[in-house]
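See structure below.
Every number in this text was worked out from the coordinates using simple rules, so none of it is lab data. All values reported here derive from a predicted model rather than from experimental measurement. Positions of Cβ are generated from backbone atoms using ideal geometry, with glycine treated the same way; all protein chains shown enter the neighbour counts.
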Amino acid sequence: MREICGKSHGKLILMGEHSVVYGQPSIALPFRAVTIQVKLEPAGNYSYLFSDIYEGPVEEAPKKLDALVGLFNRLRHDFLSSHDHFLIKVNSNIPVERGLGSSAALSVAFIRAFFNYLGKDLPNEVLLDYADFAETISHGTPSGLDARVTAYNQPLYFKKGETAQPFHFHTPYWLVIADTGISGNTKQTVKNVRDAYESPFASRQIATQKTIKHLGVLTTDLTQALKAPQPSLEKLAALINAAQHDLAALQVSSPELSWGIDYMRQHGAVAAKLTGGGGGGCYYALVPDRQTGEKLIQALADSPSACQSWLMPFSSESN
Ligand code: MEV
């Protein structure tokens, strides 16, 4: 039988999480160290999901899979009928709820598998339309960044409501990505920032709006700094550290993230910040070279601040 499968990968937001929801720019990279594959097989009387987080009838899937269930029902409604059933097999090593885009990647892989089953072409606009639909179920008011970076194979510069632009840059530096092992709830952190942004208390509202704008300025500066023929390590480090400061001010960091970020800075990182929705999840560090990155990975292995870590060149060619 023809294998009906769809794939996607994780994502790493370099800068702009949360502020991107309010129209500020963001930069994100595909994170291919973690990937997902969805396989579909037509089935008889009911649809059944096999995944690490749940195995059982699709209709009884837990709330955290609402987006997948909603997407499945909408795609069946748009192209087939609710009497068409499938076995859905999800094979993923993207840690869930850690800011690496697991929910968007699951949607993108599922949409690709579904269109493969239909034997239909899948233009990017259609893929993004369905992925945005699923992301709205996942966390209310998504910017669309996660859907785009898990759908495309290259680093992106993205502003909400605009077409994502490929973003090319080269640096001799490296990134270390680490996972606190603690779940972050993006829906909740996005809501908390929204509450502060629209707070009835003027001082809170003003401070939040100012921080969001400042994150936008930092991201624009990072874009410029990365486009320089020889990006300055000091400049990049100052911008990344400043963004972490702002994210902490928005209260989307967490004690475990702060602890891990400090630990990285004490073990060779020139800068570190959280990545993704925060409240837990992953963080990354900028290091001057591969050797420092390898030592940092070793130091993380000996500490409770990360359950997993990865090393990658900080360059769009290798992403
Ligand atoms: C989550 O990965 C990124 C956020 O900026 C939310 C969004 O862009 O929709 C926190």
Descending Cα extents along the principal axes, region 140-244, whole Å
46, 33, 30
Straight-line reach check, K213, cutoff 16 Å on alpha carbons, 8 or more apart in-chain or any other chain, hits among lysines -> K159, K160
Using all alpha carbons of the chain, what is the percent of pairwise distances in each 20 Å bin, ordered from the shortest bin to the longest?
34, 55, 11, 0
Distance from region 209-238 to region 21-40 (C-alpha centre basis), Å
21 Å
Taking 7 Å along the Cα-to-C-beta vector as the label spot, tell me the A301-W259 distance in nanometres, rounded to one decimal.
2.2 nm
Place a point 7 Å from Cα of A202 in the direction of its Cβ. Which residues in region 225-256 have their backbone N less than 17 Å from it?
none
Can you show me the helix-derived [θ] at 222 nm for the chain, built from DSSP H runs with n ≥ 4 at -39,500 (n - 2.57) apiece and divided by the number of residues, rounded to the nearest 500.
-13500 deg cm²/dmol
Using per-residue counts of other Cβ atoms within 10 Å, averaged over each peptide, order 79-86, 96-103 from highest down.
96-103, 79-86
Packing-ranked peptide list from 287-297, 126-136, 36-46, highest mean Cβ count within 10 angstrom first, is 126-136, 287-297, 36-46
Test of understanding: what is the full-extension gain from E59 to V217, defined as 0.36 nm times their sequence separation minus their Cα-Cα distance?
52.4 nm
Using a 7 Å offset from the Cα along the Cα-to-Cβ direction at both V126 and C5, what is the distance between the two label points in nm, to one decimal?
2.3 nm
Modelling each spin label as a point 7 Å along the Cα-to-Cβ direction, I'd like the Q188/S82 distance in nm, to one decimal.
3.3 nm
For a quick protection proxy, order the peptides 244-250, 227-233 by their average other-Cβ count within 10 Å, most packed first.
244-250, 227-233
Note on region 1-91: C-alpha Rg/Rh, Kirkwood Rh, two decimals, gives 1.07
Only Cα pairs under 8 Å and at least 6 apart count here; give the relative contact order of the chain as a rounded whole percent.
23 percent
